[in-house]
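Structure first, commentary second.
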Protein chains: 2
Amino acid sequence: MENNENMPTEIYFCLAVSITALFFAGFLAWRIKKQPVTDKKADQLSRVIKEGAMAFLNREYRILFVFVLIIAALLYYFLSPKTALAFLAGAFLSGLAGQIGMRVATLANVRTAEKLNKDLRTGLNVAFNSGSVMALSVVGLGLLGITILYLVFREPVVIYGFGFGASSVALFARVGGGIYTKAADVGADLVGKVEKGIPEDDPRNPATIADNVGDNVGDVAGMGADLFESYVDSIIAAMVIGAVVAVGERGIFLPMLLAAGGIIVSLISNLFVKLGSARAGSGKNPSTGSGQGILNRGIWIATILMAISGYGLVKYLGFGSSVFYAFLSGLLAGLSIGLVTEYFTSHKYRFTRRVAQAAQTGAGTNIIAGFALGLTSTIIPVLIVCLAIFLAYQWSQLFGIAIAAVGMLSTLGVTLATDTFGPVADNAAGIAEMAGLGQKTRQRAEDLDAVGNTTAAIGKGFAIGAAALTALVLMVSYGQAVKLPFIGLLDFKVIIGLFLGGLMPFVFSSFALQAVGRAAMAMVEEVRRQFKSIKGIMTGQAEPDYNKCIDISTKAALREMILPSLLSILVPVLVGFLLGPAALAGLLAGSIVAGFLLAVTMANSGGAWDNAKKYIETGQLGGKGSDAHKAAVVGDTVGDPFKDTAGPSLNILLKLMAIVALIIAPLL
Amino acid sequence: MENNENMPTEIYFCLAVSITALFFAGFLAWRIKKQPVTDKKADQLSRVIKEGAMAFLNREYRILFVFVLIIAALLYYFLSPKTALAFLAGAFLSGLAGQIGMRVATLANVRTAEKLNKDLRTGLNVAFNSGSVMALSVVGLGLLGITILYLVFREPVVIYGFGFGASSVALFARVGGGIYTKAADVGADLVGKVEKGIPEDDPRNPATIADNVGDNVGDVAGMGADLFESYVDSIIAAMVIGAVVAVGERGIFLPMLLAAGGIIVSLISNLFVKLGSARAGSGKNPSTGSGQGILNRGIWIATILMAISGYGLVKYLGFGSSVFYAFLSGLLAGLSIGLVTEYFTSHKYRFTRRVAQAAQTGAGTNIIAGFALGLTSTIIPVLIVCLAIFLAYQWSQLFGIAIAAVGMLSTLGVTLATDTFGPVADNAAGIAEMAGLGQKTRQRAEDLDAVGNTTAAIGKGFAIGAAALTALVLMVSYGQAVKLPFIGLLDFKVIIGLFLGGLMPFVFSSFALQAVGRAAMAMVEEVRRQFKSIKGIMTGQAEPDYNKCIDISTKAALREMILPSLLSILVPVLVGFLLGPAALAGLLAGSIVAGFLLAVTMANSGGAWDNAKKYIETGQLGGKGSDAHKAAVVGDTVGDPFKDTAGPSLNILLKLMAIVALIIAPLL
């Protein structure tokens, strides 16, 4: 509360904008909730999904609570009460955003399914609105937290504790959620589709609800927490670096104002999406393509508006155009990195089709082709990130790189809305199928799901790029924090750090893959047991014990994440204290480079296998049931934990290690 | 020819030792050749294999010749005639070593098969002798070339041209050979085993000879050229660094003398292997285990003798014990890195068995388990390399790291012999099968093949570790060469370099995987065509057109390697000239870290899939023909190009980029 008397307008502005975002989110959530659900069966299914999702979240939060208290105590003792407080705030707000997002997503899924009965437009609207709630909660709570902490402490460095708190929640939500969702998915498929020959989302499958819960746990809460972290980390890092490079508080305010501007832009763009869908809905037969088109338009509008308002804000604070160019390079990098992902993983394009063709000669060639695609697909994202770094640095040095990261994440209020739309649409399709909502509704739900798959893929690519750039900015900030005059690339300790850093993503993804394998096996056994012991499941006369499956996934996910979580916190601490601050910088650099590449490879090969299978299911290359299809199913099985567990977990690893390094920097 | 008058004893010694090694190699080759081949069918098969192998090699050398001349002209023009000459010498001697190794291996395979008729011992002896010829040619020609070049120029830096020449040959042999061997293997299996249901190495399969040729092309010539390069690069780098750190020529002589000492040690250890096999052969029923034991003993003896003589040489040149410790840490790192590979990829141990168990729930889970194993298996090799770097640097700084690399490769004269033993035994088993050499011989051949698989796996792990450490030493040497006062890890150009460097192994392995895919498809079509158009193949009345298949593999391999080869030379040049010498250092560091990790992952997951399949074939988990076996075959198909093409190709990439950087350093 040092300089509280002269609180600048900029801070009022940020407070006002973030609170507005939260009000708007609340309003949308209220509108979703007040819509009645008429179909009994659908209502009941959605309740089970909701309960399952909340059960996971609550149990996760219980462990998280202990974890957070321990870390907070350590921070309080070894660093400062301020950092500990910021940490608690970050953990609390990120957790709150996840709660809100999950609750609304599980309300919206059934309502989306029902509205599809009427037409595509209203369904799309509900699903997108729930995405908006999540997105606006994330950016609103993120900026609110940062603004209040700055108001209280007036020290940007302290706010890194806020980022660390967000990291902790992201670790649980993304890694735990990723294990949960794939254990349920793989377990459900292995017994249901393969052994019993019943379709996906069949209510007779005991693991099917756990599978639907998993979509929310992994793709809503996990994705949200991941991007919450990137969002706040990039803003904080830019504030810290900005405090050094610019006179007065200008350098601190710029990232905050850009974030606030981004929230306003997102609010406007969200309205555009709604208007767009209203217009598309008025057409007789709104196609899937237009659904995609509406969402894309929202993102494009946001980008253009953001560029304009970014220019205004940069000038308002008296910075030169060069700072704006840095911002712009980040903004465009974020846009293009998502689009590239779609290009590599959608079966509209030749890359994924080639993977499907390879399935004609068997599962082995399909796997090789998909993995090769994943490896190749790293080229453009890496070049985009390198170009963004290059341009941003040329224009405004380190501050430019930090502002580029802020730029990449500035439109999160709309991009995250389209990401979250995916799992809601997926759930809606599941409910429509399970509740037997009629042919037309189910078809529309499938169409909406297809759009959701695309936005989810784009979101995944964006999340990886954002994580890499954010981690990089944190690393640069760490370099300033340890006050070493120079960290030499060819210093032998730095080289060792690089190797160990590169090792971490490999080990971490190995843990994630094995965790899914073990958890899925436990699920398979339970599903088999239920099919055997509960008479009448297959005829539909008896109901399977969905909760038991949810329980297994929950426990397995939380148990399996302990070791990798500890590793990702302990390794930077050990390297920092045993090998010194320079080696720790090497560790971060190695982890970012190897982690970014591995994450893109895994996410995109996984996406390609999935869509190659879907391509064959459209009737190509022999269609469903053909040998090519069987081979493609193998690819999909491999791809599931690649793209939904191991790949996304790396986002967390990179940022978490970097923020731990920053937090312990004063002690080194 | 500057200081020719006062030529020191050390140089005489190195000349004498390397010539002795070559004489000994010649003697062994002569002994192999003079052994008669009695079985007509076996003789004919071995001739076809030999012709195929030589046809590939000759066509490769024709392209290589042009390539080498162009590079030599560029070196002559832009750098110096000396470097160009050294380059030509390196290419010539590495090519010569490959020629010798291939010729002898293709003579030895049939003789090994026939001698197995008598007992295991004599067979093992022939196969191991041919490995010794390859190994002694590599170390003999390597040291001879370096010694003569030093004698002529008295400038260690110029000799980097020799390493570059060796790199060029390795590129063709390892990458081209890797594509060749797997195109033939996958092509043969896909039609033979899967479509026609005939066993491996069945003479009715038109691609079977190409498959056998591939073993020689990839595992003999490829492996030999790879290690020739690591061997000479590590010696040269240590000479260059030694020239700076020590007064007079001591620092230059130490690596040369250690290499010469290593050759003597290898000669002795080779004799021990022979004595050991003589003793084992006198037992009634020499088991496979003892075959492995004999080879292992050879390596252990070599390690102990090398440690002793290393100490003597260090002291002789007046260095402190600390230099010896650095040497020892490299020597032990090389030994342990190979053994770890066996631990992860042999089905004697639980890791690979778990992969086999995962095959029981299908191909997908088998793939995930194997890939997770590959990722995990990076931990120990990375820690070993880090520890070796740490200790070596603590004891003798940069010179220590270079001497550690020399230490790792010092016993190459025996380790490479055991590696090369693998493909010869593999070929012998193939010939025994195809020529129908009787049940007992075939069983012994299979046993010998199993031993060969283990030594090949160990050799692969060793080759990767050696490549990583060698590339690292080259990078350090590059850092000295560009004379930048400091290369900062957090310099934005270095960061970009790191990203681009990390990207290269991903892209390179993607190329390799796709190349195998395309080449295998061409092979599949040809094999199918022959089965259709040549009547009586299946009944054995007509002979397939083996040469056509060899031709397809040869052409495909040479065509497919153009793009990745150009990339690996052009990227460092472009980065160096466009982004500057610091960025180029970043490129090397990124490529070494990511490349090492990816190479270990691919090699070991491939090895584990292969051996998981073999484990099931021993009758476990349902045995041959079970569902688990079918799933394991998918894993093996994926693993083939992983472990034999993409993984080993990365060894070349790392070193080649580093040596290109060193060569262009004076121009930056």
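Out of everything in the range B:343-357 that is farther than 17 Å from A:PHE506 by Cα and open to solvent by 20 Å² or more (accessible area, probe 1.4 Å), what residue ends up being farthest from the other protein chains (Cβ to nearest Cβ)?
The residue in question is B:LYS348.
Just to be sure I understand, how many residues within the range A:506-523 are modelled with pLDDT under 90 and either within 7 Å of chain B (Cβ to nearest Cβ) or not in a helix (DSSP H, G or I) (or both)?
The total comes to 1.
Are there any pairs with C-beta distances below 8 angstrom linking a residue in the range A:291-305 that is on the phi < 0 side of the Ramachandran plot and free of Cβ contacts under 8 Å to residues at least 24 places away in the same chain to a residue that is crowded, with 18+ Cβ neighbours inside 10 Å and assigned to a helix (DSSP H, G or I), with the two at least 6 apart or on different chains, and if so which?
Here the result reads A:GLY293/A:GLY276; A:GLY293/A:ALA280, each pair linking the range A:291-305 to a residue that is crowded, with 18+ Cβ neighbours inside 10 Å and assigned to a helix (DSSP H, G or I).
Restricting to the range B:339-372, name every residue that is aliphatic (A, V, I, L, M) and under 22 Å from the mean Cα position of the chain (by Cα).
Passing the criteria: B:LEU339, B:VAL340.
For B:ASN205, which of the numbered conditions (1) assigned to a helix (DSSP H, G or I); (2) closer than 30 Å to B:ALA631 by Cβ fails to hold?
Status for B:ASN205: all satisfied but (1).
Hey, among the residues in the range A:476-505 that are more than 7 Å from chain B (Cβ to nearest Cβ) and open to solvent by less than 10 Å² (accessible area, probe 1.4 Å), which one's farthest from the chain's Cα centre (by Cα)?
Filtering the range A:476-505 for residues that are more than 7 Å from chain B (Cβ to nearest Cβ) and open to solvent by less than 10 Å² (accessible area, probe 1.4 Å), the one farthest from the chain's Cα centre (by Cα) comes out as A:GLY497.
For the range B:452-466, state whether one or more residues are among the small types (Gly, Ala, Ser), open to solvent by less than 10 Å² (accessible area, probe 1.4 Å), touching a Leu at 6+ places or on another chain (Cβ under 7 Å) and more than 9 Å from chain A (Cβ to nearest Cβ).
Yes: the range B:452-466 contains one or more residues that are among the small types (Gly, Ala, Ser), open to solvent by less than 10 Å² (accessible area, probe 1.4 Å), touching a Leu at 6+ places or on another chain (Cβ under 7 Å) and more than 9 Å from chain A (Cβ to nearest Cβ).
Hey, does the range B:109-128 have a residue that's out of contact with any Asp or Glu (no Cβ under 8 Å at 6 or more places or on another chain), assigned to a helix (DSSP H, G or I) and closer than 24 Å to B:VAL68 by Cβ?
For the range B:109-128, residues out of contact with any Asp or Glu (no Cβ under 8 Å at 6 or more places or on another chain), assigned to a helix (DSSP H, G or I) and closer than 24 Å to B:VAL68 by Cβ: absent.
Give the residues of the range B:581-592 that are open to solvent by 10 Å² or more (accessible area, probe 1.4 Å) and facing chain A (nearest Cβ under 10 Å), sorted by residue number.
B:ALA582
Which members of the range B:249-273 meet the condition of being open to solvent by 40 Å² or more (accessible area, probe 1.4 Å) and closer than 22 Å to B:LEU474 by Cα?
Once the filter is applied, which keeps residues that are open to solvent by 40 Å² or more (accessible area, probe 1.4 Å) and closer than 22 Å to B:LEU474 by Cα, the range B:249-273 yields B:GLU249, B:ARG250.
Return only the number of the condition from (1) over 19 Å from the mean Cα position of the chain (by Cα); (2) at the interface with chain A (Cβ under 10 Å from one of its Cβ atoms) that B:PHE577 does not satisfy.
Condition (2) is where B:PHE577 drops out.
For the range B:594-603, indicate whether the set of residues that are crowded, with 24+ Cβ neighbours inside 10 Å, away from chain A (no Cβ under 14 Å) and part of a helix (DSSP H, G or I) is non-empty.
No - not one qualifying residue is present in the range B:594-603.
Kindly indicate whether any position in the range B:421-442 is of a type in the set (D, E, K, R), part of a helix (DSSP H, G or I), free of Cβ contacts under 8 Å to residues at least 40 places away in the same chain and more than 14 Å from chain A (Cβ to nearest Cβ).
yes
Which number in (1) outside any helix (DSSP H, G or I); (2) within 14 Å of another protein chain (Cβ to nearest Cβ) marks the one condition that B:GLY625 misses?
Single failed check for B:GLY625: (2).
Being of a type outside the set (Ser, Thr, Tyr), closer than 30 Å to B:PHE153 by Cβ, surrounded by 17 or more Cβ atoms within 10 Å (Cβ to Cβ) and touching a helix residue (DSSP H, G or I) at 6+ places or on another chain (Cβ under 6 Å) narrows it down to one residue among B:PHE67, B:PHE87; which is it?
B:PHE87
Is it true that A:GLY370 is open to solvent by less than 30 Å² (accessible area, probe 1.4 Å) and either of a type in the set (D, E, K, R) or modelled with pLDDT of 95 or more (or both)?
yes
Given A:GLY312, A:GLY291, which one is under 22 Å from the mean Cα position of the chain (by Cα) and away from chain B (no Cβ under 14 Å)?
Only one candidate passes the filter, namely A:GLY291.
Filter the range A:309-321 for residues that are assigned to a helix (DSSP H, G or I) and open to solvent by 40 Å² or more (accessible area, probe 1.4 Å) and give the result.
Scanning the range A:309-321 gives A:TYR311, A:LYS315, A:TYR316.
More than 23 Å from the chain's Cα centre (by Cα) and either closer than 30 Å to B:ARG442 by Cα or open to solvent by 10 Å² or more (accessible area, probe 1.4 Å) (or both): which single residue out of B:ILE198, B:ILE209, B:ILE179 fits that description?
From the options B:ILE198, B:ILE209, B:ILE179, the qualifying one is B:ILE198.
Tally time: how many residues in the range A:49-63 are closer than 21 Å to A:ASP226 by Cα and open to solvent by 10 Å² or more (accessible area, probe 1.4 Å)?
Residues meeting the conditions: 7.
The values are calculated or read from the model by the stated rules, or taken from the named source; none is laboratory data. Remember, predicted model here, so these are calculated numbers, not experimental data. Reconstructed Cβ throughout: ideal geometry from the backbone, glycine too, with neighbour counts over all protein chains shown. Only protein heavy atoms, including side chains, enter the accessible area calculation; ligands, DNA and RNA are left aside. Shrake-Rupley method; radii C 1.70, N 1.55, O 1.52, S 1.80 Å.
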